[in-house]
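A.B. asks: There's a structure below that I have some questions on.
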Amino acid sequence: MGITGKAWFINGKAERRTKKETKKNAERRKNRLFRLLTEKIGRKCPGRAEVEENLRLLGTDRDISGKLDAYYAEKLILILKILGAGLACSLLLLLTAGSGGELTEGYFLPRKEKAYTRALSLNTEDGGQTEAVIEVEPRELTDGESQALLEETVSGMEERILGDNVSLEEVRSDLNLIREIEGTPVVIEWELDNYETLNLDGSLRLENLKEEGSLTELTARLVCGGEEQIYRAVVRTFPPLLTEEEEWERSVDEAVAVSQEESRQQEMKKLPDEVDGQAVEWKEKQSSSAGGALALTVLAAVMAYLARDRDLKKQVTERDRQMQRDYARIVSKLVLLMSAGAAVRKAWEMIVKDYQMKKEKGQIKPRYAYEEMALACHEMQSGVAETKAYENFGLRCRLPCYLKLSALLEQNLRKGSKGIGQILNGEVSEAFEQRKACALSQGEEASTRLLFPMILMLAVVLLLILLPAAMSMQM
């Protein structure tokens with residue numbers, strides 16, 4: 001290799017080393033920033049003390065600051081993922097909300113084979129804005145289809161014109177004297193025998209209404225293509241209340257009806273550009289699910305945060321149950337070894353040693369009670385007083401049975417071993433009874449959890465039985 005080759009090799013190696021160091025420094029700064037953010041958030045999170053206590057119970061290490069930071073880091077990562085996905089979904093919905101509109105040139109909607117409605121926003125020249133739903137009708141029918149449609153329409157006219165009223169015998173709000181039938185090309189012309197209490201659009205004339213009521217005969221001329229039908233009805237009107245908003249809506253409906261008459265034969269339905277002397281502008285009403293998606297995102301993040309703590313509590317509950325199940329076996333081993341002449345500490349160490357050998361061979365999985373015993377054994381080997389080690393063991397286990405066992409062992413060291421065998425034998429019997437009661441309780445809980453699936457199965461069976469029977473009865 002020449003001098004040039006050596007220089008190129010050295011430069012390349014230095015460059016790679018520089019890139020690697022730069023990458024490590026960037027990763028180190030990123031981890032430091034993330035750790036600082038996690039610590040800041042973790043200190044302010046509610047329930048931190050309970051989470052710290054639960055993590056301490058699930059492990060044998062006394063210093064759990066690293067585990068606590070990792071726990072909150074996992075929660076933070078999960079919440080950030082949920083928020084990121086939710087925000088992206090909300091932004092996508094917001095950006096696509098206005099696409100796919102059918103309003104062209106601000107005033108035209110295409111006609112289709114079937115009638116449809118379109119939600120629009122109406123803007124006036126003075127800055128006002130109103131929402132409206134516009135119906136776009138199909139093209140005219142043949143004479144036979146028109147006649148059949150008119151007969152069907154006449155039979156249901158009373159329900160169509162009632163509006164918010166209960167019957168035509170008691171009209172206290174505007175009648176719906178429609179100029180057209182939704183989803184059909186039927187056009188209606190109305191005539192009244194008098195205009196004292198009603199207008200042609202069905203609105204009430206407030207100044208002429210009487211408390212005792214007034215009778216008015218309505219005559220409707222329904223036209224569809226070249227066919228027509230006549231509908232007559234008598235109504236009794238009473239004084240109602242008419243708001244300003246209802247007046248404006250009535251004017252809009254009138255203007256739309258007039259525009260319909262003008263563009264009935266055209267491919268595009270022209271919407272009015274003026275209502276009550278005001279220039280108006282139509283815009284399609286944009287519906288977006290971005291707000292709902294954002295709310296669901298926040299809710300999912302909160303639920304994920306709470307779910308982590310709930311899972312941690314479940315692990316602590318399972319730890320307590322496991323320790324409760326192991327208690328009888330631990331006490332019986334102590335009694336057996338002490339009966340064979342071993343001292344309490346020696347029996348304790350033998351139990352721990354046997355557990356550790358089986359765990360290393362993979363014969364058993366880690367057990368919380370035995371891990372706490374191993375920690376107590378390590379404390380005694382480190383110079384902690386035997387009584388203090390037993391006391392710490394009971395406090396870490398928290399369960400009443402282990403607190404009682406630690407108290408018995410402390411009493412044995414202070415006052416002598418007289419009667420300790422008999423006391424522990426009684427404790428063994430009591431422990432097995434508690435284990436039996438615990439098993440019964442867990443069985444009852446399992447049966448309770450199965451109750452809801454059983455109810456669903458019963459509902460499915462009833463549906464399979466009753467549905468064919470109901471169908472056969474109808475046939």
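A.B. asks: Please identify the pairs in which a residue from the range 36-57 that is under 19 Å from Arg310 (Cα atoms) has its Cβ atom under 7 Å from the Cβ atom of a residue that is modelled with pLDDT under 60 and of a type outside the set (Lys, Arg), counting only partners at least 6 apart or on another chain.
C.D. replies: Arg48/Gly42
A.B. asks: Which pairs do you get when a residue that is at pLDDT 80 or above, found in the range 63-77, comes within reach of a residue that is outside any loop (DSSP other than H, G, I, E, B) and of a type in the set (Lys, Arg), reach meaning Cβ atoms under 7 angstrom, with the pair 6+ apart or on two chains?
C.D. replies: Close Cβ pairs (under 7 Å, with a partner that is outside any loop (DSSP other than H, G, I, E, B) and of a type in the set (Lys, Arg)) amount to Lys75/Arg308.
A.B. asks: Additional query: Could you pull out the residue among Ile178, Ile188 that is in the same structural domain as Glu244 (by TED's automatic domain parsing), under 50 Å from the mean Cα position of the chain (by Cα), over 17 Å from Pro239 (Cβ atoms) and assigned to a strand (DSSP E or B)?
C.D. replies: Ile188
A.B. asks: With Arg232, Arg236 as the choices, which residue is at negative phi, assigned to a strand (DSSP E or B) and free of Cβ contacts under 8 Å to residues at least 60 places away in the same chain?
C.D. replies: Arg232
A.B. asks: May I pose another question? Of the conditions (1) assigned by TED's automatic domain parsing to the domain that holds Ala257; (2) part of a helix (DSSP H, G or I), Pro138 satisfies every one except a single condition; which number is it?
C.D. replies: (2)
A.B. asks: Sticking with this one: Among the residues of the range 133-147, how many are among the aliphatic types (A, V, I, L, M) and surrounded by fewer than 16 Cβ atoms within 10 Å (Cβ to Cβ)?
C.D. replies: 1
A.B. asks: Go through the range 166-207 and give me each residue that's exposed (fewer than 14 other Cβ atoms within 10 Å of the Cβ) and of a type in the set (Val, Ile, Thr).
C.D. replies: Val166
A.B. asks: Just to be sure before I move on: is Glu212 out of contact with any Asp or Glu (no Cβ under 7 Å at 6 or more places or on another chain) and surrounded by 12 or more Cβ atoms within 10 Å (Cβ to Cβ) in the structure I sent?
C.D. replies: Here the answer is no, as Glu212 does not meet what is asked.
A.B. asks: Looking only at the range 148-165, how many residues end up being outside any loop (DSSP other than H, G, I, E, B) and buried (at least 19 other Cβ atoms within 10 Å of the Cβ)?
C.D. replies: The qualifying residues number 5.
A.B. asks: Filter the range 284-313 down to residues that are free of Cβ contacts under 8 Å to residues at least 40 places away in the same chain and acidic (Asp, Glu), then give me how many there are.
C.D. replies: 1
A.B. asks: Look at Arg160 and say whether it is basic (Lys, Arg) and in contact (Cβ under 8 Å) with a residue 40 or more places away in the chain.
C.D. replies: In short, no.
A.B. asks: Here's a follow-up. Could you say whether any residue in the range 19-32 is at pLDDT 80 or above, assigned to a helix (DSSP H, G or I) and basic (Lys, Arg)?
C.D. replies: No, that holds for no residue.
A.B. asks: Select from the range 137-155 the residues that are at pLDDT 80 or above and within 43 Å of the chain's Cα centre (by Cα) and list them in ascending order.
C.D. replies: Hits for the range 137-155: nothing passes.
A.B. asks: Next up: Any idea which of Glu170, Glu207 is farther than 16 Å from Val252 by Cβ, at pLDDT 85 or above and assigned by TED's automatic domain parsing to the domain that holds Val252?
C.D. replies: Glu170
A.B. asks: Now a separate question. Taking the range 264-280 on its own, how many of its residues are touching a strand residue (DSSP E or B) at 6+ places or on another chain (Cβ under 6 Å) and among the polar types (S, T, N, Q)?
C.D. replies: 1
A.B. asks: What residue, among those in the range 256-283 that are assigned to a helix (DSSP H, G or I) and free of Cβ contacts under 8 Å to residues at least 24 places away in the same chain, is surrounded by the most Cβ atoms within 10 Å (Cβ to Cβ)?
C.D. replies: This residue is Ser259.
A.B. asks: Here is a further query. Determine which member of the set Lys388, Lys346, Lys353, Lys359 is in the same structural domain as Ser406 (by TED's automatic domain parsing), surrounded by fewer than 14 Cβ atoms within 10 Å (Cβ to Cβ) and under 20 Å from Tyr327 (Cβ atoms).
C.D. replies: Result of the check over Lys388, Lys346, Lys353, Lys359: Lys353.
The values are calculated or read from the model by the stated rules, or taken from the named source; none is laboratory data. What you see is a predicted model, and the numbers here were worked out from it, not measured in a lab. Glycine also receives a Cβ, built like all others from the backbone with ideal geometry; neighbour counts cover every protein chain displayed.
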